1. Distance cut-off 31 Å, Cα to Cα: go down the list A:Lys57/B:Lys175; A:Lys151/B:Lys175; A:Lys143/B:Lys39; A:Lys151/B:Lys39; A:Lys129/B:Lys196 and report the pairs above it.
2. Among A:Cys101, A:Leu112, A:Leu128, whose Cα projects farthest towards the positive end of the dipole of region A:85-151, with charges put on the beta-carbon of Lys, Arg (+1) and Asp, Glu (-1)?
3. First check a/c for the protein assembly as shown, with a ≥ b ≥ c the square roots of the eigenvalues of its C-alpha gyration tensor; if it is under 1.5, answer rounded, and if not, answer prolate when a/b is larger than b/c or oblate otherwise.
4. With an 8 Å cut-off on Cα pairs and a minimum separation of 6 or more residues, tell me the relative contact order of region A:34-112 in percent.
5. Roughly how many whole Å is it from the C-alpha centroid of region A:97-152 to that of region A:1-16?
6. Checking a compactness column here: for chain B, what do you get for Rg(Cα) / (2.2 N^0.38 Å), N being the number of residues?
7. Pairwise over distinct Cα atoms, reciprocal of the mean inverse distance: report the Kirkwood radius of region A:68-151 in Å, one decimal place.
8. Just want the answer: with Cβ charges of +1 for Lys and Arg and -1 for Asp and Glu, which residue in A:Ser11, A:Ala55, A:Ile141 is farthest toward the dipole's positive end in chain A?
Amino acid sequence: MQITLSVNGRSHTLDVPENTLLVDIIRERLRLTGTHVGCDTSQCGACTVHMDGRAVKSCTVLAGQADGASITTIEGIGTVDALHPMQAAFRECHALQCGFCTPGMIMTAIDLVENTSQLDGSTVREGLKGNLCRCTGYHNIVKAVLSAADKA
Amino acid sequence: MYRFRHHRPATVDEAARIFSDCEDPAYLGGGMTLIPTMKQRLAAPTDLIDLGRVDGLSGIRVSGEEIRIGAFTRHADVAASREVIHAIPALASLARQIGDMQVRNRGTIGGSVANSDPAADYPAAVVALGATVHTNRRRIAGDDFFKDLFETALEPGEIITAIDFPIPARAAYRKFPQPASRYAIVGVMVAELGGKARVGVTGAGPCAFRATALEEALNRGFDAAHLEGVEIPDAGFNTDMHASAEYRAHLVGVMAGQALAAL
Ligand SMILES: Cc1cc2nc3c(=O)[nH]c(=O)nc-3n(C[C@H](O)[C@H](O)[C@H](O)COP(=O)(O)OP(=O)(O)OC[C@H]3O[C@@H](n4cnc5c(N)ncnc54)[C@H](O)[C@@H]3O)c2cc1C
Ligand code: FES
Ligand code: FES
């Protein structure tokens, strides 16, 4: 099927098989490999991107569902020289170890901060329920999100 | 995933027509259950009929004594809706407890109810509040909707279009979540509607049901004292690695007590 979607502000028209997942378009077709795949059960959140402004698991979105959508991936939020405030907070708070979960964590955290009025430790943990980290024990991730929220 | 065709109809009638023309079709809601199921090859429909571009299937409307929620309304929108928070806060709170933020941003109420997962949250509200499920063919009373494990009163090809929830005098929902998936090991909604108690239970049995023993007890007196000692029979309850039938029966009483305290 032919689909058109905008990724990080650039429009792409692609011909893809109907059983293609959004994450495969992002990684395989557009070569934006910052978005990760950590599971086959829609549980880990490593594949989280923004679709029309909301955090979604791109491994559980079909090409045809993403047709016409505006997608933002981890590559679209900041640059090495000008990190997004959430990226800066993750670095500042040492909120990553291996980094595999980090792009998904950051995309979820940005949605969380933008759409929640009052955040505290427990609402951040609640908000990050859909993102698994096997390294950090979450403590510093929560710290980073709260610190970015404070500055937002 | 196996290959399939992806149809994107613009109306309910067109969706139903495509369904009747396909070999092994399935409607696609938010895909939060169906897509993982297809990835695991537990389902392999030949045709997906996407309800996401069908006009008029999403939205929330309050009219007098009811809230109507369109079938394609996403969990996050129910959770954040001022109307729902104002009229039935227990329903907004239930929606907020489903899965995680990304799942709530995609999953729809119609898909959740049509699926009748034994551990899904919405079914507890559908039975507790005596909701009416609207389809493209008829209306189905919430009490008659859930039939068994993943089985509902829906006929092949029937599409849920909206669900009407009567606004109760008060209601509360409490769930004991499975900590990894967030699905309900047991979830209970206690409501007072038309002067009577209604108690909807999910997670415990093959599908959502009303706990009549608890309702009778609360109709004698709407307080915790009347719940004490009420026997919840565990016959037919689910047993799995997370909880035995007996433990689930116990949790029904505990969650009902917590919901009652939160009313
Ligand atoms: C990680 C994870 C955690 C989750 N945790 C929870 C939880 O805690 N509680 C909970 O309740 N749920 C949970 N879910 C399930 C989630 O709520 C799903 O969104 C929901 O069960 C299905 O809705 P959907 O719109 O995604 O439907 P789909 O997955 O698209 O469809 C599900 C079924 O319903 C049918 N269908 C869809 N829409 C209609 C319609 N309008 N009319 C007729 N048939 C229709 C489809 O054909 C399919 O058989 C979780 C899911 C995931 C991935
Ligand atoms: S890859 Fe695990 S949720 Fe998408
Ligand atoms: S930093 Fe390794 S998985 Fe989170």
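1. Pairs exceeding 31 Å: A:Lys151/B:Lys175; A:Lys143/B:Lys39; A:Lys151/B:Lys39; A:Lys129/B:Lys196.
2. Value computed over the given set: A:Cys101.
3. Details: a/c = 1.92, a/b = 1.32, b/c = 1.45.
Taking the square roots of the gyration eigenvalues as a ≥ b ≥ c, the protein assembly as shown is oblate.
4. Over region A:34-112, the number comes to 39 percent.
5. After rounding, the separation between the Cα centres reads 29 Å.
6. With N residues counted in chain B, Rg over 2.2 N^0.38 Å equals 0.99.
7. For region A:68-151, the Kirkwood estimate is 12.9 Å.
8. So the residue we want is A:Ile141.
A short reminder: the numbers here are calculations on the coordinates, not readings from a lab. Small disclaimer: the values here were computed from a predicted structure and weren't measured. Reconstructed Cβ throughout: ideal geometry from the backbone, glycine too, with neighbour counts over all protein chains shown.
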